[in-house]
Each structure stands twice: as structure tokens, then as C-alpha cells.
1. Give me the number: length gained by fully extending Thr11 to Ser99, i.e. 0.36 nm times residue separation minus the C-alpha to C-alpha distance, one decimal in nm.
2. By how many nm would the segment from Gln109 to Leu122 grow when fully extended, if each residue of separation counts as 0.36 nm and the alpha-carbon distance is taken off?
3. At a temperature of 37 °C and a viscosity of 0.692 mPa s, determine how fast the range 32-129 diffuses translationally according to Stokes-Einstein, using the Kirkwood radius over alpha-carbon pairs as Rh; express D in µm²/s, rounded to the nearest whole number.
4. What is the local net charge at Val46, summed over the other residues whose Cβ is closer than 9 Å to its Cβ (Lys, Arg +1; Asp, Glu -1)?
5. Counting only helical runs of four or more DSSP H residues, what would the 222 nm mean residue ellipticity of the chain come to if each run contributes -39,500 (n - 2.57) and the total is spread over all its residues?
6. Would you mind working out the accessible area per residue for the range 27-125, using a 1.4 Å probe, and quoting it in Å²?
7. Enumerate by residue number the chymotrypsin sites (Phe, Trp or Tyr not before Pro) in the range 52-115 meeting two conditions: DSSP loop (anything except H, G, I, E, B), and at most 16 other Cβ atoms within 10 Å of the site's Cβ.
8. Over the chain, what relative contact order in percent results from Cα pairs under 8 Å that are six or more residues apart?
Amino acid sequence: MSKNRSQQIDTFLAQNGWEEGKRGFLAGDASFRNYERVVEAKRSAVLMDAPPEKEPLAPFIQVDDYLVEAGFSAPKILARDVEKGFLLLEDLGNESFTSVLKHRPQREQELYVKAADVLVELHSREENQ
């Protein structure tokens, strides 16, 4: 990450009340997005850094808004700067589907059934719109 990009992130965090937040790399994904956990006092959030020229935020925001409004568990967007490619998201914790399966394989059937139920619910909502 360039020094300028890092400074832009610091400015974005300060503008949104996270000026004392300590940043730590959380993850990258198969796109150009990177994620950092921002921790300040007794709260934390996830910063999504998506360079706008490579990774527009509009599709992510649209899906996130839809899921939240429909009552599904998706991170709430706490702050955004679409022009610069930053989102500050609710921190949903460290437990991923994969890590739960790795550490508690006996939950495999339960988790896959729940995942299938969510897909069925999403599909039925689309048919009813």
C-alpha cells in the first residue's frame, strides 16, 4: 500500500470518529480489496479498502443493504467514502464458516443446512418481488 493511500485511510478514519484506531491487516480476497481491523478502546470495525479504479463499491453496498434490510446477518456499513474506495464495516468477529468446520467438524451438517436455508430464503424473496 502506498504511503498516500495509507494517509487517505487515516483521514477517512479520523473524519468518522476513529482517529485513535489502531489498524491491523485482516485479510485480502480474490479481488483488489483489502481488509483491516480497526480497534479503538472497546470497539472494533473492519475497514474495506477497495481502490475505486479497480474495484467499485456500489455492487458491494447494494448487496449489503439488501441483506441487512431483509434481516440477514451482514455487516452494517458504519461509514463510507465511495469516491476514494473506503468502507468502515461492522466487525462480525473472527469465526468464519471454514474455521468453525475446522475446529468443530461435528457441526458440518447443521451449518450446511443453515446455509442452504439462507439460499432458499433469498431465492424465494426474489421470486416474490
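1. Working: separation 88, 0.36 × 88 = 31.68 nm, distance 3.34 nm.
Here the segment from Thr11 to Ser99 would lengthen by 28.3 nm.
2. Working: separation 13, 0.36 × 13 = 4.68 nm, distance 2.00 nm.
Stretched fully, the Gln109-Leu122 segment lengthens by 2.7 nm.
3. In µm²/s, the coefficient is 212.
4. Once positives and negatives cancel, what remains is -2.
5. Calculated at 222 nm, the ellipticity per residue is -13000 deg cm²/dmol.
6. On the way: 6360 Å² over 99 residues.
On a per-residue basis, 64 Å².
7. Here the chymotrypsin sites (Phe, Trp or Tyr not before Pro) that fit, given the DSSP loop and packing criteria, are Phe72.
8. Reported relative contact order: 16 percent.
The values are calculated or read from the model by the stated rules, or taken from the named source; none is laboratory data. Everything numeric in this text was worked out from a predicted model, so none of it was measured. Don't worry about glycine lacking a Cβ; one is built from the backbone with ideal geometry, like all the others, and counts go over all protein chains shown. Just the protein is used for accessible areas: all its heavy atoms, side chains included, with ligands, DNA and RNA removed. Shrake-Rupley method; radii C 1.70, N 1.55, O 1.52, S 1.80 Å.
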